[in-house]
1. With N set to the residue count of the stretch 1-149, report its C-alpha Rg divided by 2.2 N^0.38 Å to two decimal places.
2. Would you tell me the accessible area of residue 219, worked out with a 1.4 angstrom probe on the heavy atoms of the protein chains, in Å² to the nearest 10?
3. What are the ³J(HN,Hα) values, in whole Hz, obtained from phi via the Karplus relation 6.51 cos²θ - 1.76 cosθ + 1.60 with θ = phi - 60°, for each residue of the stretch 358-372 in sequence order, with x given for Gly and Pro?
4. Calculate how steeply helix 53-76 sits against the longest principal axis of the alpha-carbon atoms of the chain, using the helix alpha-carbon long axis, and give the answer as 0 to 90 degrees to the nearest 10.
5. Which shape class, rounded, prolate or oblate, goes with the stretch 297-374 when its Cα gyration tensor gives a ≥ b ≥ c as root eigenvalues, a/c under 1.5 marks rounded, and past that a/b bigger than b/c marks prolate?
6. Taking the alpha carbon gyration tensor of the stretch 203-244, what are the square roots of 5 times its eigenvalues, largest first, to the nearest whole Å?
7. With only alpha-carbon atoms in the gyration tensor, what are the semi-axes of the equivalent ellipsoid for the stretch 225-330, in Å, largest first?
8. When we measure straight from the Cα of residue 212, which lysines land under 21 angstrom away, once same-chain ones fewer than 8 places off are left out?
Amino acid sequence: MTSQQTGRYQHYLLVTLAFVLTATVIAANQFKVPTIMNDVAAAFNMSESQAPWLMSIFTMVGIFLAIPAGGLAQKFGPKALVVTAAIFIGAGSLVGAFSSSASMLIISRGIEGIGFIFATVCGPLAIARYVEPSKVGFATGIWATWVSLGQISAFNITPVMFGSMSISNIWVVYGIAAIVMAVILQFIVKGNYGNVASSSGPKVNFSAIFGKRNLILLCLAFVTFNFVFMGGLTFAPAYLENSGMMTKSAAAFAVSIPMILSLFSSPIFGKLSDMMGGGHKKLLLLGLIVLGPSIALLFSTSTTLVYLGGVLFGAIGMGVPAMILGSVGEVAENPELMGPAMGLMMTCQNLGMFLGTSTFMPLVNLVGGNFTTAGLLLIPIALIGVLFTVMAKFK
């Protein structure tokens, strides 16, 4: 049995921004690779099959650690896990900075991935604990921008740094930034504020989440979203550069457009769902319907269509994560299952990211090396997510 004691609250923006900025640095570490992936691969003599693992290994660890992360958050508190997440990211990046082989660099990315999944699972739980209830909806919408903020930062800062410093030094900068944010978060957010949960009686049976049909369907929908999302954003910059359509910096900016727009669309989607009385499902369906075509346009042969795809995905498709996060509590059905349910959702997020980064290039090879055709194949994958969402019952 779980009980909660409601204490004082710090200002919700202070708390939310502390977690979001920490998570932004974590996400920036994830996305420091794509814009210079070809250069990193060349520096470490990576084969064509090895290079995608710089992104795939980052998310693969989350497939195994997301549910345990939910349990650890329940035991030690979500703030402690987010601080730990930033430390793992920093440590992994510093290990990568001094790597002398492709294998060690990939392993370092796995260490960083542990931090990423801790933040992914425990960030929303931390918002729910430390933000006053009347502000949680809006705070969750703000939280949902952390991946976008990280991608924007990395896609625009990394190419600039690459022009003036070594790959090793870039990794050092990112690693130190993560450790600094861990220290800042530890001191800014007070542990004796917010909803302090305590447990008594028998332990929660985490396996109960696997019997929640609507949760499972929503998780599968999130797999498809992240498959298409990561497949597009990981490989579109290199395609746009290698095809001669854009320079390295221009390609990075073009693929950052969805993330820039999501800084506005994600909170707006959250606000709209509140105004609709929790209308997550309708807005989620809208985002998933737009997802496939908009990502496919990033691999088109027209710069105008590339920008159009970026705008559509950012303005509408990027509303999906906020709607998913906002629905977890409802489909989990039991408040005591919120932690493991979020862990399962993030397992599926990482599964989708892993599949998107590890199978997109084989998909390209399957269609004769044509990125545009491979992009079109992402549309039916996104539509599978629409089907799962339609089948699920929630508001």
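The values are calculated or read from the model by the stated rules, or taken from the named source; none is laboratory data. A quick note: this is a predicted structure, and the numbers were derived from the prediction, not measured. Ideal geometry is used to build each Cβ from the backbone, glycine not excepted, and the neighbour counts take in all protein chains shown. Quick note on the areas: whole protein, heavy atoms, side chains included, nothing else; ligands and nucleic acids left out. Shrake-Rupley method; radii C 1.70, N 1.55, O 1.52, S 1.80 Å.
1. Numbers: Rg = 17.1 Å, N = 149, 2.2 N^0.38 = 14.7 Å.
In units of the 2.2 N^0.38 Å rule of thumb, it is 1.16.
2. 0 Å²
3. Karplus values, whole Hz, x for Gly and Pro: 8, 10, 5, 5, x, 5, 4, 5, 5, 9, x, x, 8, 5, 4.
4. 10 degrees
5. Because a/c hits 1.5 or more and a/b fails to exceed b/c, the stretch 297-374 counts as oblate.
6. Working: eigenvalues 283, 20, 3 Å².
For the stretch 203-244, the ellipsoid semi-axes come out as 38, 10, 4 Å.
7. Details: eigenvalues 160, 27, 22 Å².
Working from the Cα gyration tensor, I get semi-axes of 28, 12, 10 Å.
8. Of all the lysines, those that pass the test against residue 212 - Cα under 21 Å, at least 8 places apart if same chain - are 203, 281, 282, 393, 395.
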